[in-house]
Amino acid sequence: MTPSWRPMVAADLETVAAIERESHNPLPPEGLSVFADRLALFPAGCFVAGCRLGRPVGGYALAHPWAGPAPALGSVPLRLPESPDHLLLHDVAILPPLRGQGLAAAVVALLCRVAAAQGLAELRLVSVHATQPMWARLGFVADGPMAAAGYGEGAVPMRLASVATPPRGGGRQPAGR
């Protein structure tokens, strides 16, 4: 069975927080309150990847409409801007057994559809954990200096300038915000 993305529900939050702790070390975990806040704020941008790991999920993605640079990690509560200009891929993590199966490309394509439905032409993210090459394979380009706090050394803001042409593939995916 190939893993796939489904909408996140409140019952997934504990598992999502556990995946974050496992995937984003050495960054401090944002934790359950951030995930619950994002799910309540914009459920249309929250997804989990199903798997066969003895857990309900093996990956997650959180995105929401935004304007300007990414907010500092751990910002709670977050308020959506009145005039967003992009969909911010706030966080994505995929556990090792599910990597290399196209889940990163699939969630980017899914989020491109979410962005288009919101009238947003761009998808943006902050690459961490040396994931910039993977995001570049999915069509993202570096986008200016780092501005938000907490993303760690080597964090790179990136953008996908057109949600009209989502990625087709991306190879092996490391975990990364």
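Arranged from highest to lowest average of other beta-carbon atoms within 10 Å per residue, in what order do the peptides 2-12, 100-110 appear? Please list the in-between numbers first.
Working: 2-12: 14.9, 100-110: 21.1.
So the peptides 2-12, 100-110, ranked by packing, come out 100-110, 2-12.
Please report the net charge: other residues with Cβ closer than 11 Å to the Cβ of P77, K and R +1, D and E -1.
Values: positive: R38, R79; negative: D37.
Here the charged neighbours net out to +1.
Taking amide H positions as placed in the peptide plane 1.01 Å from N, state which residues far from S127 in sequence (5 or more) or on other chains have amide H under 5 Å from it.
Excluding prolines and chain starts, which carry no amide H, the hits are V156, M158.
Would you work out the relative contact order for the stretch 1-110, in percent, from Cα pairs under 8 angstrom that are 6 or more residues apart? Each step should come with its number before you reach the end.
Numbers: 177 pairs, mean separation 32.9, N = 110.
Answer for the stretch 1-110 is 30 percent.
So if the hydrodynamic radius of the stretch 30-164 is defined as the Kirkwood radius over C-alpha pairs, what does Stokes-Einstein give as its diffusion coefficient at 37 °C and 0.692 mPa s, in µm² per second?
Details: Rh = 15.1 Å.
In µm²/s, the coefficient is 217.
Assuming 0.36 nm per residue, please report the length gained on full extension of the stretch A136 to L32 beyond their Cα-Cα distance. Numbers along the way, then the final one.
Working: separation 104, 0.36 × 104 = 37.44 nm, distance 2.93 nm.
Working it through step by step, the gained length comes to 34.5 nm.
For L120, what charge total do you get from the other residues with a beta carbon under 13 Å from its beta carbon, if Lys and Arg give +1 and Asp and Glu give -1?
Working: positive: R113, R124, R159; negative: D85, E122.
Neighbour charge sum, excluding L120 itself: +1.
Determine the gain in length on full extension of the stretch A18-R113; use 0.36 nm per residue of separation and subtract their C-alpha separation, reporting nm with one decimal.
Details: separation 95, 0.36 × 95 = 34.20 nm, distance 2.76 nm.
Length gained, A18 through R113: 31.4 nm.
At a 10 angstrom cut-off on C-beta neighbours, averaged per residue, how do the peptides 43-50, 65-72, 86-93 rank from highest to lowest?
Details: 43-50: 21.1, 65-72: 17.0, 86-93: 25.8.
Ranked by mean Cβ neighbours within 10 Å, highest first: 86-93, 43-50, 65-72.
In nanometres, what is the gap between the two model label sites at V9 and S83, each 7 Å from Cα along Cα-to-Cβ?
Each label point is offset 7 Å from its Cα along the Cβ direction, giving 3.9 nm.
Throughout, read-outs are computed from the coordinates displayed, never taken from laboratory work. Values in this document were obtained by computation on a predicted structure and should not be read as measured data. We place every Cβ from the backbone using ideal geometry, glycine too, and count neighbours over all the protein chains shown.
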